[in-house]
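Report on one structure; see the data block that follows.
We did not get these values from a lab; they are worked out from the coordinates using the rules stated. No experiment lies behind these values; they were computed from the predicted model shown. For neighbour counting, all protein chains shown are included, and Cβ atoms are generated from backbone atoms with ideal geometry for every residue, glycine included.
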Amino acid sequence: MSTVSLRPATPDDVAQMLQIEKMSYPEPWNSTQFLEEMNKSYSRVLVLTDDETDEFVAGYIVYWVQVEGVSLHNVAVDVKWRGLGFAKKMLHAMINEAVRDEIPKVILEVRVSNTGAIHLYQQLGFIKTHERQKFYKDGEAALVMELKTSDLSTTIQ
C-alpha cells in the first residue's frame, strides 16, 4: 500500500469495516451500529484508506465529540496492516480534534486483556483511571483510560 489518509466513512465502506471488525473483536459491531453512528451529529466515523484508489479500507475509528469530552467507541486495523502505525495515526486525529476544539479530555474503555492496545494508549499519554467489572457481555472487565488535553501543549503528529 502506498500512503494512507483518513476521511469520513460512507455506507459504501461498511462491508470492509465489518470484515475488519469480525477479525478484531469477540463481540463485533453490526452494520446497523456503524450506519447509526454515521448519522449522529456528534459522532465521527473515519476510515483509513489508500491514497491511490481510496477504495481499500485499512482501518477505522469511531468516536463521539461532546463538550465535556471525546469518547472513543471503536478502533481497528485490518490484520494485514497491523504494526505499521495506522492505529496511532487514527488516534492522533481524534486527539488532535479534541485539542483543537479545546475539549478537556479523551476517554476510552479497553478490555483488560488487550495489553497491546493498553500499551499504545499509554504511549499516547492515557492514564488508567479505574476498572469497570463485567463490562463486556462475556464478563470481562474494562479498563477506563483518560487523556487530559490540557497536558498536551499542541497537536501531535
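Here are a few things to note about the model shown:
- Over segment 53-110, equivalent-ellipsoid semi-axes from the Cα gyration tensor in Å: 23, 12, 10
- A crude spin-label estimate for the pair Ser31 and Asp54, with each label 7 Å from Cα along the Cβ direction, gives 2.3 nm.
- Charge dipole of the chain about the Cα centre (unit charges at C-beta), most positive-ward option of Trp64, Leu46, Thr129: Thr129
- Residue among Met38, Met90, Met23 with the largest mean-square fluctuation in a Gaussian network model of the chain, springs linking Cα atoms under 10 Å: Met23
- Candidates per chymotrypsin sites (Phe, Trp or Tyr not before Pro) in segment 1-77, loop by DSSP, up to 13 other Cβ within 10 Å: Tyr42
- Distance (nanometres) between label positions extended 7 Å along Cα→Cβ at His92 and Val79: 2.7
- Pairs of Lys residues in segment 1-135 are counted when their Cα atoms are under 28 angstrom apart and they lie 8 or more places apart or on different chains; the count is 19.
- Between the C-alpha center of segment 1-70 and that of segment 107-121 there is a gap of 19 Å.
- Per DSSP, loop trypsin sites (Lys or Arg not before Pro) in segment 45-144 with at most 14 further Cβ within 10 Å: Lys134, Lys137
- When log10 I(q)/I(0) by the Debye sum over Cα atoms at q = 0.12, 0.16, 0.21 Å⁻¹ is calculated for this entry, the matching label among (i) -0.50, -0.93, -1.58; (ii) -0.65, -0.98, -1.32; (iii) -0.59, -0.88, -1.34 is (i).
- Residues considered: Ser24, Ser43, Ser113. Largest GNM mean-square fluctuation over the chain, using C-alpha springs under 10 Å, is found at Ser113.
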